[in-house]
Amino acid sequence: MTEDAIRLEALRKTYKGQKGQPEKHALKGIDLAVPRGSVFGLLGPNGAGKSTLINILAGLVKKTSGKVSIWGFDQDENPRQSRASIGVMPQELNLDPFFTPRAALEVQAGLYGVPKSERRSDEILRLIGLEDKAHAYARTLSGGMSRRLLLGKALVHKPSILVLDEPTAGVDIALRQMLWENVRQLNAQGMTIILTTHYLEEAQEMCDEIAIVNQGEVIARDTTSNMLDRLDQRSMIIHPACEVTTLPQADGIDAELRADGAVVLRYHSNQTSAEAVLEAVHTAQITIRDVKTAEADLEDVFLSLTKSV
Ligand code: ADP
Ligand code: MG
């Protein structure tokens with residue numbers, strides 16, 4: 001028995017090429033474990049493979065090879081239990097225009113074999129703020145309401161794991177806040193949450209742990225605070241007026257003498273101020289001819305990670 005909510009081993013997905021296009025290696029051997037109880041972020045640019053991964057978990061896309069285990073159930077050996085353990089809010093709107101929200105929840109519950117006595121449609125409508133739209137036609141719902149209904153549909157069978165694929169892409173601030181409120185509440189009740197996003201700030205705010213996916217590979221996997229630490233890295237590049245003999249030394253500053261004579265000082269802006277860095281430069285009796293700073297952003301992290309692989 002594993003303690004992980006999700007465990008992926010060497011997961012691959014190759015889409016067949018269409019109309020003379022080459023085949024697409026969307027997932028190139030993903031190994032990933034998502035701990036139970038966490039809010040886990042899959043972060044990566046468009047085309048990274050996030051939806052492919054999510055849709056494999058949801059049983060909507062067939063993997064090419066590898067192992068998928070959901071709540072301890074192997075997806076191939078125990079398809080029913082693994083499906084029952086997970087609820088997915090897809091990236092695309094896929095609502096039937098002829099169902100009212102309440103009917104859509106009931107139908108979904110039926111699909112998951114939830115007996116009538118255990119259905120919670122009204123409770124879910126309350127949670128997603130659609131009580132007063134319970135009997136409205138789906139086609140009269142706004143985009144935001146439709147997305148809330150998708151969240152509701154993902155919850156009908158009380159899954160242990162809730163997966164949200166780009167839940168806030170293109171939604172307004174009010175809905176975004178409502179979604180995050182829902183997510184926090186569900187997580188506080190013990191639900192494991194996995195969400196994908198290409199907004200860094202969103203992942204920072206919501207997630208305990210993050211995996212960065214790029215071109216079908218996990219290129220980093222860490223707690224959010226460790227990941228932020230990397231993002232918080234700054235460099236100051238000093239071009240000295242004369243040759244440097246002593247490098248600046250101070251806590252939290254990593255100094256390096258470059259071949260061209262410049263001094264590169266790396267530090268974390270949440271621990272060390274630029275002023276403290278300059279002070280260390282003065283203490284080392286370096287006269288500054290020119291100074292430049294560079295701050296790491298997500299792209300730098302991508303670049304530095306892909307280079308080191
Ligand atoms: P993300 O969700 O991170 O934006 P996707 O999983 O949607 O990424 O896509 C990953 C890659 O797989 C992209 O290059 C995309 O064009 C390709 N892809 C996705 N779905 C299909 C499909 N049904 N057929 C062929 N290629 C696909
Ligand atoms: Mg996607």
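This table checks each residue for (1) in a strand (DSSP E or B); (2) within 19 Å of I194 (Cα to Cα); (3) more than 8 Å from ligand 1 (Cβ to nearest atom).
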| position | (1), (2), (3) |
| --- | --- |
| K28 | yes, no, yes |
| L32 | yes, yes, yes |
| P45 | no, yes, no |
| I54 | no, yes, no |
| G59 | no, yes, yes |
Per-region count, segment 159-179, residues more than 12 Å from Y199 (Cβ to Cβ), of a type outside the set (A, V, I, L, M) and either surrounded by fewer than 16 Cβ atoms within 10 Å (Cβ to Cβ) or under 17 Å from the mean Cα position of the chain (by Cα) (or both): 3
Subset of segment 219-237 [surrounded by 15 or more Cβ atoms within 10 Å (Cβ to Cβ) and farther than 17 Å from T272 by Cβ]: I219, A220, R221, T224, M227
Criterion: among the hydrophobic types (A, V, I, L, M, F, W, C), at pLDDT 95 or above and within 16 Å of ligand 2 (Cβ to nearest atom) - qualifying residue of I30, I70: I30
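Restricting to segment 286-303, what's the tally of residues that are of a type in the set (V, I, T), at pLDDT below 85 and not in a helix (DSSP H, G or I)? Can you show your working first?
So in segment 286-303, the residues of a type in the set (V, I, T) come out as 286-288, 291, 293, 301.
Cutting the leftovers down to at pLDDT below 85 gives us 293, 301.
From what is left, the residues that are not in a helix (DSSP H, G or I) are 293.
Going through segment 286-303 one residue at a time, the tally reaches 1.
Would you say V107 is under 23 Å from R36 (Cα atoms) and modelled with pLDDT of 95 or more? I'd like the intermediate steps shown before the answer.
Numbers: under 23 Å from R36 (Cα atoms): no; modelled with pLDDT of 95 or more: yes.
No, not satisfied.
When the residues of segment 128-144 are filtered to those that are touching a Leu at 6+ places or on another chain (Cβ under 6 Å) and surrounded by 16 or more Cβ atoms within 10 Å (Cβ to Cβ), which remaining residue is nearest to L43 (Cα to Cα)? Steps first, answer last, please.
At the first step, the residues of segment 128-144 found to be touching a Leu at 6+ places or on another chain (Cβ under 6 Å) are 128, 131, 134, 138, 144.
Now narrow it down to the ones that are surrounded by 16 or more Cβ atoms within 10 Å (Cβ to Cβ): 128, 138, 144.
Numbers: I128: 25, A138: 31, G144: 23 Å.
Only one residue tops the list, namely G144.
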Some residue of segment 88-104 being farther than 26 Å from S69 by Cβ, touching a residue at least 60 places away in the same chain (Cβ under 8 Å) and either in a helix (DSSP H, G or I) or not polar (S, T, N, Q) (or both): no
Failed item in (1) touching a Gly at 6+ places or on another chain (Cβ under 8 Å); (2) more than 10 Å from ligand 1 (Cβ to nearest atom), with I70 passing the rest: (1)
Q81 being assigned to a helix (DSSP H, G or I) and surrounded by 20 or more Cβ atoms within 10 Å (Cβ to Cβ): no
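The values are calculated or read from the model by the stated rules, or taken from the named source; none is laboratory data. Not measured: the values here are computed from a predicted model. Every residue, glycine among them, receives a Cβ derived from its backbone with ideal geometry; neighbour counts consider all protein chains shown.
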